[in-house]
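Here is the structure we will look at.
The values are calculated or read from the model by the stated rules, or taken from the named source; none is laboratory data. Note that the structure is a prediction, hence the values are computed from the model and not measured. Here the Cβ positions follow ideal geometry from the backbone for every residue, glycine too, while neighbour counts run over all protein chains shown.
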Amino acid sequence: MRRAWHWHWMAQWSFDLMSELYPTPETQGEWQQARRAAFAQDVLTAFTRRPNNLLSFEEVRQKLCLHNVRYLGLQDIPLDHIVGSVGRYRDFTRAFFPRQEGMEGRWQRIARLVTTGGGLPPIELYKVGQAYFVRDGNHRVSVARQHKAPAIQAYVWEYETRVPLGPDTDVDDLLCKAAHVAFLERTDLDRLCPQLHLELTQPDGYEDLLGEIEDCQQDLSRAEKREVPLDEASAWWCRRYYAPIAQIIRQREILQEFPGRTEADLYLWLRRNQEELETRYGHQVLIEEAAIDLAQRFGEKTTPIKQLQKAVGRLASGVGELSGRLVESIAPGAQTQENDALAAALLAPLRRAATAMPPYRFAGTTRAAWETWHTQFRDQLWQLLGVGDCPRRLLEPADLPAEVAERVSLDGGLQRELIWLNTEAELHVPVYLFLPAEVAGARPAIVVFPGHGTIAQTAGVQKSYQRANALELARAGFVTLTVEPRGFGRLGALGHLQIDAAARLVGRTWYGLLVRDALCAIDYLLTRPEVDAARIGATGIGAGGALTMYTAALDDRVKVSLVNSYLGKYVVTCLDEKHCPCNDIPGILRYAEMGDVAALIAPRPVMFVNGRRDPSTGPAARGSFAIARQVYRILGVPQRAKLIEPEEMGHAFDNQLAIGWFRRWLVGRENQES
């Protein structure tokens, strides 16, 4: 009866409200105050980074997989716990101050009803955790907030959720909650290990945790010679890995060094830090050692100086957005929404390709399916890059004229040769070959690709972010060969973008031309008696990292790879105005994303290195890495794929990590087992 009476009363109230109540100077003043408050909040958001947008209930429902709902009846709800709306989430600020001028009439009539003592009828809310979403009554909430009411009466329906949702939840939190729900749906850890509150503050970390659990599942299945279900592996992982490390975190009170982070955050950082240290130094690192190192290097105990630094950082980053936010606040829903709609229309073809499942996303579960996929996708990538004739004929020494133009002795007994390789028609490409001191027998060799630079930089003749990587790897005992990219250095008669534009006219690309040069360089390495043909690696930074990825994806002779400062997503990087268009492979998104290309390297070892302070990379790398690592997992070798993200590293080559990685796979015990 209450429900029927409520709807009848609402219909009568709506009719009376529309027909008899008119704005007054008092309600007009309240409206202007509310609009100024909305403006001020939007401006302050640019500096404080605090959430100022309402959440979309539909987005929350989809991301948190909300299904089961029950009616709770009429309740008094704190107004500051209402954080979203079903349909009007763009029309109000987080505090429900109005953003749209077109709402003025209805808003003032509701305000008039309040001032005349008529009161407000109950609104309707959906409850998720401790957060509420307006189903009906957005204007009433707004007027109530303007009148500083502490609570409002509402008919409430509650949705069950596996993760807590609070009144301070913002869009970033929602993404993290969604990832948390997906993780729990897969692992059931909230039921298997209820004593452990496993929650992260960054959504991409759940993919790493799931990867650890799936690795445990594979190990257990092999050890017990049976198919171990994921829930059993999840419980074992929790007891064997997570719980002991969580205990160390508590005992050493490490969490105090990282305010605002969770125990699960620290677990993941410790595991990543342990992995980075082991790769960097080439020996096993205890988790206690990784914990001490992490706290010493990155602990963030609050001090006045650090508080000031963070405030200045927020101010600097906020100023760049201020003008746009001012326009949006002053005239919300007008030009900004028009521009958003136009931008969406302009990018519609890209959006469709970006959101669809790429045809070459590997969906098989067997090695036979992988072999078919690998062959077909490799052929397609060869054509997209425009490498040349396929299949390519391997060049014999007689087919690959090489002129040694210079030999130089360097410190430590190193030898450097400048060689000109005839790679295509009349083109001769310069390379530097480094031979370590006292070369006895065949040694592992590494091809080093400069990234938008020259072999003078990789050879240490000129300083750059390449950090003389070809020279440093040679000093570590490897034969190294570094290839001049077309458009740079001695091949700079035309710029690389001019070369790329001309190549595209005939179905080729700058990267395809460089891959051809790289394959010829490997052909040449195999003619050198100092080189072990079974132990060839490749590496580079930026464009050199891209060339490493493409070359390794297309040529099995590259046994080990290290891609520095490149892994991401094509659809993300192409929209960055600072992004070089040479990286945009025509038609690539019709077939694959970057993670799919990286997966072609499997099952050979590959490490991706992206510095956290590198402006040329971003969080998209983790999604691409997850795609590639899944293929490694299916092939039973997940340990051969790594993503390392050094916290303090910018856009620079990490020689120490590279030396550790190549020693592990080209020299050490794991080379013998691979």
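Of everything in the stretch 151-169, what is under 14 Å from LEU184 (Cβ atoms) and β-branched (Val, Ile, Thr)? Give them in sequence order.
THR161, VAL163
This table checks each residue for (1) buried (at least 18 other Cβ atoms within 10 Å of the Cβ); (2) without any contact (Cβ under 8 Å) to a residue 40 or more places away in the chain; (3) farther than 14 Å from ALA264 by Cβ.
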site: ASP170; (1), (2), (3): no, no, yes
site: LEU174; (1), (2), (3): yes, no, yes
site: ALA178; (1), (2), (3): yes, no, yes
site: ARG186; (1), (2), (3): no, no, yes
site: CYS193; (1), (2), (3): yes, no, no
site: LEU198; (1), (2), (3): yes, no, no
site: ASP204; (1), (2), (3): yes, no, no
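Which number in (1) under 27 Å from SER565 (Cβ atoms); (2) more than 37 Å from the chain's Cα centre (by Cα); (3) among the hydroxyl-bearing types (Ser, Thr, Tyr) marks the one condition that SER409 misses?
SER409 satisfies every listed condition except (1).
Would you say CYS238 is modelled with pLDDT of 90 or more, of a type in the set (A, V, I, L, M, F, W, C) and under 30 Å from LEU66 (Cβ atoms)?
The answer is yes for CYS238.
Please determine whether any residue of the stretch 597-610 is surrounded by fewer than 17 Cβ atoms within 10 Å (Cβ to Cβ) and either closer than 30 Å to ALA348 by Cβ or in contact (Cβ under 8 Å) with a residue 40 or more places away in the chain (or both).
No - not one qualifying residue is present in the stretch 597-610.
With respect to the numbered conditions (1) over 31 Å from the mean Cα position of the chain (by Cα); (2) surrounded by fewer than 21 Cβ atoms within 10 Å (Cβ to Cβ), which one is the sole condition not fulfilled by SER464?
Just one mismatch for SER464, condition (1).
Only residues that are part of a loop (DSSP other than H, G, I, E, B) and touching a residue at least 40 places away in the same chain (Cβ under 8 Å): list them for the stretch 117-128, please.
The answer is PRO121, PRO122.
Which members of the stretch 90-139 meet the condition of being on the phi > 0 side of the Ramachandran plot and either more than 40 Å from the chain's Cα centre (by Cα) or at pLDDT below 90 (or both)?
GLY117, GLY119
Just the residues that are touching a helix residue (DSSP H, G or I) at 6+ places or on another chain (Cβ under 6 Å) and either part of a loop (DSSP other than H, G, I, E, B) or surrounded by fewer than 15 Cβ atoms within 10 Å (Cβ to Cβ) (or both), please, taken from the stretch 60-94.
Listed by number, the residues that qualify are LEU64, CYS65, VAL86, ARG88.
On the given criteria, is PRO430 in contact with a strand residue (DSSP E or B) (Cβ under 9 Å, 6 or more places away or on another chain), of a type outside the set (Val, Ile, Thr), closer than 30 Å to VAL506 by Cβ and not assigned by TED's automatic domain parsing to the domain that holds SER616?
The answer is yes for PRO430.
Would you pick out the residues in the stretch 552-588 that are of a type in the set (Lys, Arg) and within 14 Å of GLY542 (Cα to Cα)?
LYS569, LYS578
Taking THR458, is it buried (at least 20 other Cβ atoms within 10 Å of the Cβ), closer than 19 Å to LEU491 by Cα and touching a Pro at 6+ places or on another chain (Cβ under 7 Å)?
yes
Are there any pairs, at least 6 apart or on different chains, whose C-beta atoms fall under 7 Å, with the first in the stretch 91-115 and under 13 Å from THR27 (Cβ atoms) and the second among the β-branched types (Val, Ile, Thr) and surrounded by fewer than 19 Cβ atoms within 10 Å (Cβ to Cβ), and if so, which?
ARG112/THR24
Can you name every residue in the stretch 517-576 that is surrounded by 24 or more Cβ atoms within 10 Å (Cβ to Cβ) and touching a His at 6+ places or on another chain (Cβ under 7 Å)?
Hits for the stretch 517-576 are GLY542, ALA543, SER565.
For the stretch 367-408, enumerate the residues that are β-branched (Val, Ile, Thr) and assigned by TED's automatic domain parsing to the domain that holds ALA598.
THR372, THR375, VAL387
Select from the stretch 430-444 the residues that are part of a loop (DSSP other than H, G, I, E, B) and among the β-branched types (Val, Ile, Thr) and list them in ascending order.
Within the stretch 430-444, just VAL439 meets the criteria.
For the stretch 547-573: of the residues being in contact (Cβ under 8 Å) with a residue 60 or more places away in the chain and of a type in the set (A, V, I, L, M, F, W, C), which is nearest to GLY668 (Cα to Cα)?
If we take residues in the stretch 547-573 being in contact (Cβ under 8 Å) with a residue 60 or more places away in the chain and of a type in the set (A, V, I, L, M, F, W, C), then VAL560 is nearest to GLY668 (Cα to Cα).
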